[in-house]
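A quick write-up on the structure given underneath.
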Amino acid sequence: MASIKKAAENTADKLGLSFDKKRGVGFGVYRGYTMLVLPRNESEGKKLNSFISIVICASKDGKAPDKELFDAIPFGVSYSSDNFMQMFSADVSYTLAGAEKILVNTANAAVTALFSSGYANCNIIGEEGPTDVYFFRDEYIFINDSDAEKMMSELGQKKSEYNETAENIPLGIIGAAVCSLIGVAIILLLGRLGRVSLIGGLAMGGGIVWGYKKLGKKLSLAGAVICTVIAAAIGYLAFRVDIALDLFLGFKDTEYSDTFTFPLCFENAKAIYELGDSLFTYYMNMFLMLLCGAGGAVAVIWGERSEITGQFSFAKLGK
């Protein structure tokens, strides 16, 4: 991706555009049209395709351009549109040689076609006039200053409302506990079916976070810590029950079945493994279960926190 970004930066420079190093995209005004130079990767099965795209928004009397308008764009450049947003993409999956020249020619051909046909620069809803490129919820949008001010005001209000939402920690813990029991049941069931019960550990960790947020109404940093601790604790309990159940069922149809009851196996699992010279297996299984339980919780927490941050992310490129 680094070489693609460099090619995008060089393309932006040749077009007289600025380059946002943080996001790796070129942006600015070229011949009267706000333009975005966007490097991106798309997966197609096991194959990863790389593209650099020229993006422009244009409108004429509230109507978007037709595909036929861009017949003059260079060979090998694909065209797609989302209403007023026009995208011209060069496939650079195999080589970057000549990509910058092709992209500059594409930008010129697209702008010439738009201008000669009377299409003007516009925002994402087709309102003609000057615009800037903003980064909003992992997407790039073309809007004017008035739109930006309204969006910033609305997002600020929503963020304030979210921050003022009271987190109910006791109910959150109850929700996490209930979901953790479901996770334990999955672990034990998978273990009895001969499946990898560690998968259940991951599910349990994720379920704990979901249950906490469902009843707690919010997932703060304190809530995230609580969920991780619960996941580790319940993961350890699940490991103890799972391994005791394995021992109990292993001795069930033997002459030792009366001696090795489930309570005895639960209390003395470590000692039994030590007698069997399998203490390493005991500790490894315990470590993996704790790792999966807490890891599942941390993964979901990371996703939740990123989603929350993304909901309120709104920035003008170059700022």
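The values are calculated or read from the model by the stated rules, or taken from the named source; none is laboratory data. The structure presented is a predicted model; accordingly, all values stated were derived computationally and were not measured. Don't worry about glycine lacking a Cβ; one is built from the backbone with ideal geometry, like all the others, and counts go over all protein chains shown.
Results for (1) assigned to a helix (DSSP H, G or I); (2) in the same structural domain as residue 173 (by TED's automatic domain parsing); (3) at pLDDT below 85; (4) buried (at least 19 other Cβ atoms within 10 Å of the Cβ), shown as yes or no for each residue.
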| site | (1), (2), (3), (4) |
| --- | --- |
| 211 | yes, yes, no, yes |
| 231 | yes, yes, no, yes |
| 239 | yes, yes, no, yes |
| 254 | no, yes, yes, no |
| 257 | no, yes, yes, no |
| 266 | yes, yes, no, no |
| 270 | yes, yes, no, no |
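Every condition in (1) buried (at least 21 other Cβ atoms within 10 Å of the Cβ); (2) touching a residue at least 60 places away in the same chain (Cβ under 8 Å); (3) over 17 Å from residue 130 (Cα atoms); (4) among the hydrophobic types (A, V, I, L, M, F, W, C) holds for residue 12 except the one numbered (2).
Can you tell me which residues in region 64-85 are small (Gly, Ala, Ser) and either assigned to a strand (DSSP E or B) or within 27 Å of the chain's Cα centre (by Cα) (or both)?
Pass one, region 64-85, residues small (Gly, Ala, Ser): 64, 72, 76, 78, 80-81.
Within region 64-85, 78, 80, 81 qualify.
Residue pairs whose Cβ atoms lie under 9 Å apart, sitting 6 or more positions apart in sequence or on different chains, and linking a residue in region 157-175 that is basic (Lys, Arg) to a partner that is surrounded by 10 or more Cβ atoms within 10 Å (Cβ to Cβ) and assigned to a helix (DSSP H, G or I), are 158/311; 159/311. Among residues belonging to region 114-145 that are in a loop (DSSP other than H, G, I, E, B) and among the aliphatic types (A, V, I, L, M), point out the one that is surrounded by the fewest Cβ atoms within 10 Å (Cβ to Cβ). Filtering first and then ranking leaves 125.
Please tell me if residue 270 is farther than 13 Å from residue 292 by Cα, under 38 Å from the mean Cα position of the chain (by Cα) and charged (D, E, K, R). First the steps, then the outcome.
Numbers: farther than 13 Å from residue 292 by Cα: yes; under 38 Å from the mean Cα position of the chain (by Cα): no; charged (D, E, K, R): yes.
So residue 270 does not fit the description; no.
Go through region 78-113 residue by residue and tally those that are under 16 Å from residue 63 (Cβ atoms), buried (at least 21 other Cβ atoms within 10 Å of the Cβ) and among the hydrophobic types (A, V, I, L, M, F, W, C).
Filtering region 78-113 down to residues under 16 Å from residue 63 (Cβ atoms) leaves 81-86, 113.
Next, only the ones that are buried (at least 21 other Cβ atoms within 10 Å of the Cβ) stay: 84, 86.
Still in the running and among the hydrophobic types (A, V, I, L, M, F, W, C): 84.
Of the residues in that region, 1 qualify.
A single entry from 148, 90 fulfils the requirement of being among the small types (Gly, Ala, Ser), touching a residue at least 12 places away in the same chain (Cβ under 8 Å) and part of a helix (DSSP H, G or I): 148. Among the residues of region 151-170, are any more than 23 Å from residue 311 (Cβ to Cβ) and assigned to a helix (DSSP H, G or I)? Looking through region 151-170, at least one residue is more than 23 Å from residue 311 (Cβ to Cβ) and assigned to a helix (DSSP H, G or I). Out of all the residues in region 272-312, which are hydroxyl-bearing (Ser, Thr, Tyr) and surrounded by 14 or more Cβ atoms within 10 Å (Cβ to Cβ)? Correct list: 273, 282. All of (1) over 16 Å from residue 316 (Cβ atoms); (2) touching a helix residue (DSSP H, G or I) at 6+ places or on another chain (Cβ under 9 Å); (3) of a type in the set (D, E, K, R) hold for residue 44 with one exception: (2).
Condition check: assigned to a helix (DSSP H, G or I) and among the β-branched types (Val, Ile, Thr). Does residue 243 satisfy that? Steps first, please.
Values: assigned to a helix (DSSP H, G or I): yes; among the β-branched types (Val, Ile, Thr): yes.
For residue 243, the condition - assigned to a helix (DSSP H, G or I) and among the β-branched types (Val, Ile, Thr) - is met.
Out of 184, 225, I need the residue that is of a type in the set (A, V, I, L, M), surrounded by 14 or more Cβ atoms within 10 Å (Cβ to Cβ) and in a helix (DSSP H, G or I). Which one? Steps first, answer last, please.
Values: 225 fails: surrounded by 14 or more Cβ atoms within 10 Å (Cβ to Cβ).
Exactly one residue qualifies, and that residue is 184.
Among the conditions (1) of a type in the set (Asp, Glu); (2) under 20 Å from residue 227 (Cα atoms); (3) at pLDDT below 85, residue 161 misses just one, which is (2).
Mind checking whether some residue in region 96-105 is more than 30 Å from residue 316 (Cβ to Cβ) and not in a loop (DSSP other than H, G, I, E, B)? No, region 96-105 contains no residue that is more than 30 Å from residue 316 (Cβ to Cβ) and not in a loop (DSSP other than H, G, I, E, B).
Looking at residue 272, is it under 30 Å from residue 135 (Cα atoms) and either of a type in the set (Lys, Arg) or in contact with a helix residue (DSSP H, G or I) (Cβ under 8 Å, 6 or more places away or on another chain) (or both)? Here the answer is no, as residue 272 does not meet what is asked. In region 19-33 there is no residue that is closer than 24 Å to residue 141 by Cβ, part of a helix (DSSP H, G or I) and of a type in the set (Gly, Ala, Ser).
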